Amino acid sequence: ELARRQGVSDWLTVIHAPLVDETIGGRAVNWYDQGALTSLTGIDLLCVDGPPAQGVEQARWPALPFFRERMSAGGRVVLDDMIRVDERQIAQDWLTRFPDVQSQSYDFEKGALVLTLPR
């Protein structure tokens, strides 16, 4: 209903992907149900602002290992909340795993890192 009121329902798709125990990038994680997300491809912009940590170390880490091959050339990933230690560790790991990705930090309210994939 909110999408309709905002005039975006023609291009917005909502996918229900509950948190489940998964293995991503060789790591056991509690993250969004991969089965609900596998059809997504050609992603130009990926905003990583969840799942909430709530006692789970590096809860957002699976995002890039899972979505990397589903993104478009030159796609961008925004990792929010860079003031947190976990997010800085996640960013370090991603940049090590994906050395072809360029990064730019932004001093927003909680900090953000924008990664740009190669073309």
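Which ones in the range 11-27 are within 20 Å of W94 (Cβ to Cβ) and part of a loop (DSSP other than H, G, I, E, B)?
Correct list: G25, G26.
From the set of residues in the range 59-75 that are under 17 Å from G26 (Cα atoms) and open to solvent by less than 30 Å² (accessible area, probe 1.4 Å), which is farthest from the chain's Cα centre (by Cα)?
Going through the qualifying residues, I end up with A59.
Tell me the strands (runs of 3 or more DSSP E) entirely within the range 28-113 that contain at least 1 residues that are touching a Leu at 6+ places or on another chain (Cβ under 7 Å) and within 16 Å of P18 (Cα to Cα).
43-48
Could you grab me the full set of residues in the range 1-26 that are open to solvent by less than 90 Å² (accessible area, probe 1.4 Å) and either over 22 Å from the mean Cα position of the chain (by Cα) or in contact (Cβ under 8 Å) with a residue 60 or more places away in the chain (or both)? Write out each step before concluding.
Filtering the range 1-26 for residues open to solvent by less than 90 Å² (accessible area, probe 1.4 Å) gives 3, 7-9, 12, 15, 17-20, 22, 24-26.
Selection gives G7, S9, G25.
For the range 27-44, state whether one or more residues are within 17 Å of D80 (Cβ to Cβ), surrounded by 14 or more Cβ atoms within 10 Å (Cβ to Cβ) and among the β-branched types (V, I, T). So that I can check it myself, show each step before the final result.
Of all residues in the range 27-44, those within 17 Å of D80 (Cβ to Cβ) come to 31-32, 43.
From what's left, surrounded by 14 or more Cβ atoms within 10 Å (Cβ to Cβ): 31-32, 43.
From what's left, among the β-branched types (V, I, T): 43.
Within the range 27-44, one or more residues are within 17 Å of D80 (Cβ to Cβ), surrounded by 14 or more Cβ atoms within 10 Å (Cβ to Cβ) and among the β-branched types (V, I, T).
Considering V85, V20, V29, which residue is touching a Pro at 6+ places or on another chain (Cβ under 6 Å) and β-branched (V, I, T)?
V29
Please verify whether the range 54-75 includes one or more residues that are on the phi < 0 side of the Ramachandran plot, acidic (D, E) and modelled with pLDDT of 95 or more.
Checked against the condition, which is being on the phi < 0 side of the Ramachandran plot, acidic (D, E) and modelled with pLDDT of 95 or more, the range 54-75 yields at least one hit.
Look through V48, V56 and report the one residue that is hydrophobic (A, V, I, L, M, F, W, C) and either touching a residue at least 60 places away in the same chain (Cβ under 8 Å) or open to solvent by 40 Å² or more (accessible area, probe 1.4 Å) (or both). First the steps, then the outcome.
Values: V48 fails: either touching a residue at least 60 places away in the same chain (Cβ under 8 Å) or open to solvent by 40 Å² or more (accessible area, probe 1.4 Å) (or both).
So the residue among V48, V56 that is hydrophobic (A, V, I, L, M, F, W, C) and either touching a residue at least 60 places away in the same chain (Cβ under 8 Å) or open to solvent by 40 Å² or more (accessible area, probe 1.4 Å) (or both) is V56.
Here is a yes/no grid of residues against (1) out of contact with any strand residue (DSSP E or B) (no Cβ under 6 Å at 6 or more places or on another chain); (2) more than 16 Å from F67 (Cα to Cα):
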{"residue": "D81", "(1), (2)": "yes, yes"}
{"residue": "Q89", "(1), (2)": "yes, yes"}
{"residue": "Q92", "(1), (2)": "yes, yes"}
{"residue": "R97", "(1), (2)": "yes, no"}
{"residue": "S103", "(1), (2)": "no, yes"}
{"residue": "K110", "(1), (2)": "yes, yes"}
{"residue": "L115", "(1), (2)": "no, no"}
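The values are calculated or read from the model by the stated rules, or taken from the named source; none is laboratory data. Only a predicted model underlies this, so the values are computations on that prediction, with no experimental measurement involved. Positions of Cβ are generated from backbone atoms using ideal geometry, with glycine treated the same way; all protein chains shown enter the neighbour counts. In case anyone asks, the SASA skips ligands and DNA or RNA and just uses the protein heavy atoms, side chains included. Shrake-Rupley method; radii C 1.70, N 1.55, O 1.52, S 1.80 Å.
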